[in-house]
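Reviewing the structure listed below.
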Amino acid sequence: MLNLLAAEKIKLFRSKKFWITLSILCLLPIMQVVNSLFAVRNGEELVQVIDTVVNGATGVLMMEKNGLTILLVIGAFSSFFIGEEFQNGTIRNTLSLGRSRTHYYFSKFVIAALLSFVGVLGMTAIGMTSFTAAFGFGGVAEINNYFSYALKTFGTLYVLILANVSVYVMISFLTKNSSFALIWGFLYTIGTGFLPGIFQQTAHFKQVTYWFTESFLFYLDFAKPADIALYSEMVLVSLVTIVLSSAVGIFLFTRSDIK
Amino acid sequence: MSETILKTTNVSKVYGKHKVLDKVSIEIKRGMIYGLIGENGAGKSTFMRTIMGLITIDEGNIELFGETDTKGLQQARRKMGQSIETPALYPELTARQNLQVQAANGGVSERKIDELLHLMNLSHTGKKKAKNFSLGMRQRLAIASTLMTNPEFLILDEPTNGLDPSGIVEMREIIQRLVTERGITVLLSSHLLDELSQIATHYGILHDGKIISELSKEELARETRQYIELETTDVQQAVVILDQLGIKDYEVINGTEINIYEQLDDVAAINRALVLAEVNVSRIGTSRQKLEDYFLQLTGGIPHAESVSS
């Protein structure tokens, strides 16, 4: 496993896609702070419920503010990073050395998870710094212990993102092709992003709404105490998603033929 | 008796209703260069993939370095290297970086990289990315990559595919060098028997997923060698004359035919001697079965050998 991760590290640091992904995630908060500054200069007022991030303290909510973008960017990265191994045939170089397919799967998941972590950490740090510089650090309404809140919020948002990363990795291993993985990943993101909203409107499927991690990410406000109270439920749904998608992905990948 | 590196017994693979491999059984011993010959779609690549564990088999047994169970096979595969069809490389990485990745995959030191780049004549590539390499360079890099983990057994699927004549010669020399200098056992495939005959020591002919013939280099040479085909109504007398001419390597095929395997340039002299001895010669001429014809004959393409009457 460590050997596989060492190989992944070499590939990752020399991959343009890795640097492009990180750049997008890190540039996004800078663009948003500039955008917010212009809005304020034009007489608009930043409102936390609408704008999500309004000062340095709410900068911890950058993942909530950019949820869809993060998912699409990391989804695209995972699709290429894994799909190209199949398309270039390089996966054969590893597996024919007798490496365990389960280890190979996990090495890809670990890399995707680490990239997501570094990306969202960078995004949050830059977001908090730049919004502090522009609007001051301020605070989050009804939050007394900010440090504890920030840690819990960042952790919960990351786990929600990670659950989706796990699904993207599964999709990439099942489709074995970066283009198909990209399309299915996109459809999954859009589908699970909007279907729960529809479920919410129906009597029969209402309870299904929060079976999807994106429902939390897209429809809840992480600065609202009532929603903050759902953190444990969010983590549970995320962990179940990670376990299920990894189990399905590994089960099918270990039984599939590599062309 | 030399060690068995690979032994497959009745290996079968079915895709839907199509049996891609049908009870394939071969045995490769240490030091062999085993040439797997078959037309496109005969099942060569599929068979190689089953050995490498990339494709599961539906039936049969694979024994690799004496190991047969899943865990043992997985360990045994660490002694293998492979290059299947197109060279599997990271196009955005340089030759050195590609080898670094494979060294990490195999958990081996990077010390051999310079030596392998030199061996494969890739030392000069520097920062050039693999995607900008010629096909020959990519093939050489793919082989260098397989050598990173010190394999004892190398599987090469059509390694000369798409190469120009000089590239083919170079690749052949590389493979021969690996066998003689490093003692590597090789399984390589091609759809060209003529090409394989210049390198392989043993052959397996795969047709429609079945091994239809297995033979050694000597057996192939015997099967495809040139000879004088003599057709006469008096075989007994003809044999006496051949003995008088000092010809020893001949074979009486039936009551009217003799195949002569020596003095191939003296057809006219043999004919004259037979006629002078009043042996009725119906036909005499050199006959030669080319390697490709032999292959086609086996696979049902051309039923008879080419005959050239003189």
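The values are calculated or read from the model by the stated rules, or taken from the named source; none is laboratory data. Bear in mind the structure is a predicted one, so any value in this text is a computation, not a measurement. A quick note on method: Cβ atoms are made from the backbone with ideal geometry, for glycine too, and the neighbour counts reach across all protein chains shown. Surface areas here come from the heavy atoms of the whole protein model, side chains and all, with no ligands, DNA or RNA. Shrake-Rupley method; radii C 1.70, N 1.55, O 1.52, S 1.80 Å.
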- Message: Just to confirm my numbers, what's the Cα centroid distance between the range A:56-130 and the range A:132-156 in Å?
- Response: 26 Å
- Note on the structure: Along the range A:107-118, Karplus-curve 3J(HN,Hα) (6.51, -1.76, 1.60; θ = phi - 60°) to the nearest Hz, with x for Gly and Pro, reads 5, 5, 5, 4, 5, 4, 5, 5, 4, 4, 4, 4
- Message: Positive end of the dipole of the range B:232-286, charges at C-beta (+1 Lys, Arg; -1 Asp, Glu), about the Cα centre: which of B:Val275, B:Tyr261, B:Gly285 has its Cα farthest in that direction?
- Response: B:Val275
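May I ask you to rank B:Thr9, A:Thr58 by accessible area, largest first, using a 1.4 Å probe over the protein chains only? Spell out each step's value before the answer.
On the way: B:Thr9 55, A:Thr58 5 Å².
Heavy-atom accessible area, descending, gives B:Thr9, A:Thr58.
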- Message: Give me the dipole magnitude in Debye, nearest 20, for the range A:2-254 about the Cα centre, with unit charges on the beta carbon: positive for Lys and Arg, negative for Asp and Glu.
- Response: 1040 debye
- Query: Under 5 Å between amide H atoms, partner at least 5 residues away or on a different chain: which partners does A:Gly98 have, H built in plane at 1.01 Å?
  - Reply: none
- Of the DSSP beta bridges with both residues in the range B:4-221, give the percent that are antiparallel, rounding to the nearest 5. 55 percent
- Message: Nearest 500 deg cm²/dmol is fine: what mean residue ellipticity at 222 nm does chain B get from its DSSP H runs of n ≥ 4 alone, each adding -39,500 (n - 2.57), divided by its residue count?
- Response: -10000 deg cm²/dmol
- Could you give the semi-axes, largest first, of the ellipsoid that matches the range A:137-259, computed as the square roots of 5 times the alpha carbon gyration tensor eigenvalues and rounded to whole Å? 31, 18, 13
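Take every residue in peptide B:104-113, count the Cβ atoms of other chains within 10 Å of its Cβ, and give the average of those counts. The partial results should precede the final answer.
Details: counts 11, 14, 7, 7, 1, 0, 0, 0, 0, 0.
Partner-chain Cβ atoms within 10 Å, mean over residues of B:104-113: 4.
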- Message: Tell me which of A:Phe135, B:Met52, A:Ile24 sits at the most positive position along the dipole axis of the protein assembly as shown, charges placed on C-beta atoms (Lys, Arg +1; Asp, Glu -1).
- Response: A:Phe135
- Residues whose built amide H sits under 5 Å from the amide H of B:Val20, excluding neighbours closer than 5 in sequence, are B:Lys13, B:Val14, B:Tyr15
- Task: Give the Rg (one decimal place) followed by the Dmax (whole number) of the range A:25-179, computed from C-alpha coordinates and expressed in Å.
- Result: 18.9, 64
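Run the numbers on the range A:2-254 and let me know its relative contact order in percent, using alpha-carbon pairs under 8 Å that are six or more apart.
Values: 306 pairs, mean separation 69.1, N = 253.
Dividing the mean separation by the residue count of the range A:2-254 yields 27 percent.
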- Most fluctuating residue given options B:Ser213, B:Ser134, B:Ser45, as computed from a GNM of chain B linking Cα atoms under 10 Å: B:Ser134
- Accessible area (Å², 1.4 Å probe, nearest 10) - A:Lys259: 130 Å²
- Sum of side-chain charges, B:Thr256 neighbourhood, beta-carbon under 15 Å (Lys, Arg +1; Asp, Glu -1): -4
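Rounded to the nearest 20 debye, what is the charge dipole size of the protein assembly as shown about its Cα centre when +1 sits on each Lys and Arg Cβ and -1 on each Asp and Glu Cβ?
Numbers: 51 positive and 55 negative charges, 476 e Å.
Rounded to the nearest 20 debye, it is 2280 debye.
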- Message: Need one value: the accessible area of A:Val49 in square angstrom, 1.4 angstrom probe, rounded to the nearest 10.
- Response: 110 Å²
- Message: Let me understand the range A:1-89 better: what is its radius of gyration from the alpha carbons, and its Dmax, in angstrom?
- Response: 17.7, 56
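Please give the net charge around B:Lys29, taking every other residue with its beta carbon less than 10 angstrom from that of B:Lys29, where Lys and Arg add +1 and Asp and Glu add -1. Each step should come with its number before you reach the end.
Values: positive: B:Lys7, B:Arg30; negative: B:Glu3, B:Glu27.
Result for the neighbourhood of B:Lys29: 0.
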- Query: When all protein chains stay in place, what accessible area (Å², nearest 10, 1.4 Å probe) is found for B:Arg225?
  - Reply: 80 Å²
- Query: On a 0 to 90 degree scale, rounded to 10, what angle separates helix B:235-244 from the longest Cα axis of chain B?
  - Reply: 80 degrees
- In vacuo Debye sum over C-alpha of the protein assembly as shown, base-10 log of normalised intensity I(q)/I(0) at q = 0.05, 0.07 Å⁻¹, listed in q order, is -0.35, -0.58
- So, in Å, what gap is there between the alpha-carbon centers of the range B:1-79 and the range B:166-235? 20 Å
- Query: R0 = 25 Å: FRET efficiency of B:Lys17 with B:Asn61, Cβ-based, nearest 0.05?
  - Reply: 0.60
- Query: Which residue, A:Met31, A:Met170, A:Met234, tops the fluctuation ranking in a GNM of chain A built on C-alpha contacts under 10 Å?
  - Reply: A:Met31
- How big is the charge dipole of the range B:8-88 about its Cα centre, in debye rounded to the nearest 20, if each Lys and Arg gets +1 on its Cβ and each Asp and Glu gets -1 on its Cβ? 180 debye
- Query: For chain B, what D do you get in µm² per second when you plug the Kirkwood radius from alpha-carbon pairs into Stokes-Einstein at 37 °C and 0.692 mPa s?
  - Reply: 149 µm²/s
- Item | C-alpha center-to-center spacing [the range A:183-259, the range A:18-49] in angstrom | 27 Å
- Theoretical ellipticity at 222 nm over chain A - DSSP helices of four or more residues, -39500 (n - 2.57) apiece, nearest 500: -25500 deg cm²/dmol
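So how do B:Asp293, B:Asp194 rank on accessible area, 1.4 Å probe, biggest first, that is with the largest at the start?
Values: B:Asp293 30, B:Asp194 75 Å².
Largest accessible area first, the list is B:Asp194, B:Asp293.
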- Task: Under a cut-off of 22 Å between alpha-carbon atoms, report the lysines in cross-link reach of B:Lys23, not counting same-chain residues fewer than 8 places apart.
- Result: A:Lys259, B:Lys7, B:Lys13, B:Lys44, B:Lys210
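So for B:Thr299, B:Thr86, what's the accessible-area order with a 1.4 Å probe, most first? Could the numbers behind the result be given before it?
Working: B:Thr299 20, B:Thr86 90 Å².
The ordering from most to least exposed comes out as B:Thr86, B:Thr299.
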- Note on the structure: Expected vector for the range B:93-107, Karplus 3J(HN,Hα) from phi with 6.51, -1.76, 1.60 and θ = phi - 60°, integer Hz, x for Gly and Pro, equals 9, 6, 4, 4, 5, 4, 6, 4, 4, 5, 4, 5, 4, x, x
